Amino acid sequence: MDLEATFYSYAFIQIAWILAAGAWWMWRRHDELPLILSIVLFYVFTFRFWSLLHGWTTPVNISPFGFEPVQVDNCLESDGLAVLGQTVLIGVYMLTQCATITPRRLDVSPRLLHWLRNGAFLALAICAPLAVVARRMVGAQMAAGKSMAFEISSYLSLFPMALISVGILLIMVWKASGLPSPAQKAAGLTGLAAVGWLTFGSSARFQFLGWVIGATVIVSSNLSITRKALLAMIGLFVAGTLFAVAGALRDAEDPEFALEEASVNRFAFASDANMLDGFVLLRQVYPDVLNYTYGGEHLEILTRPIPRAWWPDKPVGGYLNKLGIINANTGFTLGISPSLFGSFYQEGGFIAVILLSAIYGFGLARLIRFSTEIHPAGGTLIRAITCAAMLPLLRGGDLPGIYAWFGMAFWPCFLFLWIWRKELLARVASSQVTVPTPTHPLVFASPRSHL
């Protein structure tokens, strides 16, 4: 079978998953996660491959570092491995996640709502200025010649990720009717505008994308399936368009730069979606140059939070770092994400793609199923976090770094779930839940205090 015929076979499978996830699964279960997975993976693999086949975009070329150029002909096997991984992951997910997500209002007690409103605005007041300070400190250290990966604290560089949670929590307050007065609505809009401003840009676009997707899940939580599907598609399209615009801003200093043209080219020709190229490059390294990691990539998730200042010899992440191409003295960073399935391949080749795809599909299914069995506010927040995390996870590459990203991005949401865990995470029989006082209320939870 020739290259194009095989490519169209893989494309047909990915299109079939989009139809199954949207026209069948989402209609039946009100569950948008498989649709998000299917659309994103179709874009970064089939659409990227299509663009390469027709010469609309150029493949990644890092041959100066000893890699063979990415050719269209050698993309086919990586594309097939990705489609296999997608099929296993979504297939196992659908077999395991057998619960229907019932549309429900985010009805919570006045006390919890008051706590959530005050907490969201307090988080905004703390995180927004500290995010600005953190970025300036990181910029100053990079200007002084320090390496982002080796000499600058990741806690400092990743702290602005907390703005994702701030945006999600503000939307949740709004959805739960926690901003009844015009003044409160104005404050909420101002807060969302601040989050949007601070997360929109070439270096922060995954933050922007994360809270927009999470917000879309929350806003659509009590809508009919038709409106929910429409809103999900609009949300993904808007998020993808703005993601491309933010990426195009990288070239804003070019005297011939045209934002509209650059943005359209990035979105329409999948210029940013080069995970297929990254998968091809990774397979040049594993297992011929570096041995498979055999689970080490996932085990490093436990050691990544340890600061390098405490453990100077801590193993580095990413195969370019492990090969010594990037180190503290190179003065640059480089990385082409290989997709989640590329990270799976790194762990053990073809078998690891199948095994880990099944494990991730099962884990995601159990998480979403659990979200349907608890208080609607807790379940909706869990699904918003999960969907917001999908894009960086599907991007792949350095999984310990991605999980560190999750921790820094969602700790305010996790804190809210932990403080109110007895109420939000308790298994319930219906949406009629009385929410009592949390076991560990914070100072601003007093019912007598107001914004």
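The values are calculated or read from the model by the stated rules, or taken from the named source; none is laboratory data. Keep in mind that what you see is a predicted model, and the values were worked out from it rather than measured. Here Cβ is always computed from backbone atoms with ideal geometry, including for glycine, and neighbour counts include all displayed protein chains.
State whether one or more residues within region 110-125 are among the polar types (S, T, N, Q), under 30 Å from ASN222 (Cα atoms) and loosely packed, with under 15 Cβ neighbours inside 10 Å.
no
When the residues of region 89-101 are narrowed to those that are crowded, with 21+ Cβ neighbours inside 10 Å and not hydroxyl-bearing (Ser, Thr, Tyr), which ends up nearest to SER224 (Cα to Cα)?
Out of the qualifying residues, it is ILE101.
Per-residue answers, yes or no, for (1) buried (at least 21 other Cβ atoms within 10 Å of the Cβ); (2) closer than 18 Å to CYS98 by Cα; (3) at pLDDT 95 or above; (4) under 16 Å from the mean Cα position of the chain (by Cα):
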residue: PHE350; (1), (2), (3), (4): no, no, no, no
residue: ILE354; (1), (2), (3), (4): no, no, yes, no
residue: ILE359; (1), (2), (3), (4): no, yes, yes, no
residue: PRO376; (1), (2), (3), (4): yes, yes, no, no
residue: GLY379; (1), (2), (3), (4): yes, yes, no, no
residue: MET390; (1), (2), (3), (4): no, no, no, yes
residue: GLY396; (1), (2), (3), (4): yes, no, no, yes
residue: ILE402; (1), (2), (3), (4): yes, no, no, yes
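Is it true that GLY335 is of a type in the set (Gly, Ala, Ser) and at pLDDT 80 or above?
no
Here are GLU32, GLU68, GLU4, GLU77: which of them is closer than 25 Å to ALA389 by Cβ and not aliphatic (A, V, I, L, M)?
GLU32
Filtering region 373-405 down to residues that are touching a Pro at 6+ places or on another chain (Cβ under 8 Å) and assigned to a helix (DSSP H, G or I), which residue is nearest to VAL285 (Cα to Cα)?
ILE402
Kindly evaluate ALA23 against the criterion of being modelled with pLDDT of 90 or more and under 30 Å from LEU230 (Cβ atoms).
For ALA23, the condition - modelled with pLDDT of 90 or more and under 30 Å from LEU230 (Cβ atoms) - is not met.
Note down all Cβ pairs under 6 Å where the first residue falls in region 355-375 and is hydroxyl-bearing (Ser, Thr, Tyr), the second is surrounded by 20 or more Cβ atoms within 10 Å (Cβ to Cβ) and part of a loop (DSSP other than H, G, I, E, B), and they're at least six residues apart or on different chains.
THR372/ILE101
Test GLU32 against the criterion of being farther than 20 Å from PHE370 by Cβ and of a type outside the set (Gly, Ala, Ser), and give yes or no.
no
Please work out which residue is surrounded by the most Cβ atoms within 10 Å (Cβ to Cβ), limiting yourself to region 1-11 and to residues that are in contact with a Ser or Thr (Cβ under 9 Å, 6 or more places away or on another chain) and part of a helix (DSSP H, G or I).
My answer is PHE7.
Filter region 68-85 down to the residues that are under 25 Å from the mean Cα position of the chain (by Cα) and either surrounded by 17 or more Cβ atoms within 10 Å (Cβ to Cβ) or β-branched (Val, Ile, Thr) (or both) and list them by number.
Scanning region 68-85 gives CYS75, SER78, ASP79, LEU81, ALA82, VAL83, LEU84, GLY85.
From the list ALA125, ALA149, ALA134, which one is in contact with a helix residue (DSSP H, G or I) (Cβ under 7 Å, 6 or more places away or on another chain), at pLDDT 90 or above and aliphatic (A, V, I, L, M)?
Result of the check over ALA125, ALA149, ALA134: ALA134.
Among the residues of region 111-118, is any over 30 Å from ILE18 (Cα atoms) and within 24 Å of the chain's Cα centre (by Cα)?
Among the residues of region 111-118, at least one is over 30 Å from ILE18 (Cα atoms) and within 24 Å of the chain's Cα centre (by Cα), which makes the answer yes.
Between residues in region 306-322 that are farther than 15 Å from GLY401 by Cα and residues that are surrounded by 15 or more Cβ atoms within 10 Å (Cβ to Cβ) and modelled with pLDDT of 75 or more, which pairs lie under 8 Å by C-beta distance while being six or more apart or on different chains?
As it stands, the answer is ALA309/SER153, since those pairs meet every condition given.
Considering only residues that are of a type in the set (S, T, N, Q) and farther than 14 Å from VAL40 by Cα, look in region 65-86 and name the one that is modelled with the highest pLDDT.
The residue in question is SER78.
Any residue in region 90-106 that is under 16 Å from TRP24 (Cα atoms) sitting within a Cβ distance under 9 Å of a residue that is in a helix (DSSP H, G or I) and at pLDDT below 85? List the pairs, counting only those 6 or more apart or interchain.
none
Residue-by-condition table, conditions (1) touching a Pro at 6+ places or on another chain (Cβ under 7 Å); (2) closer than 30 Å to HIS375 by Cα; (3) surrounded by fewer than 20 Cβ atoms within 10 Å (Cβ to Cβ):
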residue: ILE18; (1), (2), (3): no, yes, yes
residue: TRP24; (1), (2), (3): no, yes, yes
residue: ARG48; (1), (2), (3): no, no, no
residue: GLY66; (1), (2), (3): no, no, yes
residue: THR87; (1), (2), (3): no, no, yes
residue: PRO103; (1), (2), (3): no, yes, yes
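Could you pull out every one of the helices (runs of 4 or more DSSP H) wholly within region 110-219 that has 2 or more residues that are closer than 30 Å to MET233 by Cβ and touching a residue at least 40 places away in the same chain (Cβ under 8 Å)?
The helices (runs of 4 or more DSSP H) meeting that bar are 110-143, 163-175, 182-199, 205-219.
Within the set of pairs 6+ apart or on separate chains, which have a first residue in region 26-44 that is without any contact (Cβ under 8 Å) to a residue 24 or more places away in the chain and crowded, with 24+ Cβ neighbours inside 10 Å, a second that is in a helix (DSSP H, G or I) and not aromatic (Phe, Trp, Tyr), and C-beta atoms under 9 Å apart?
Within 9 Å, no pair qualifies.
Considering (1) hydrophobic (A, V, I, L, M, F, W, C); (2) modelled with pLDDT of 80 or more; (3) more than 28 Å from PHE65 (Cβ to Cβ), say which one VAL238 fails and leave the rest.
(2)
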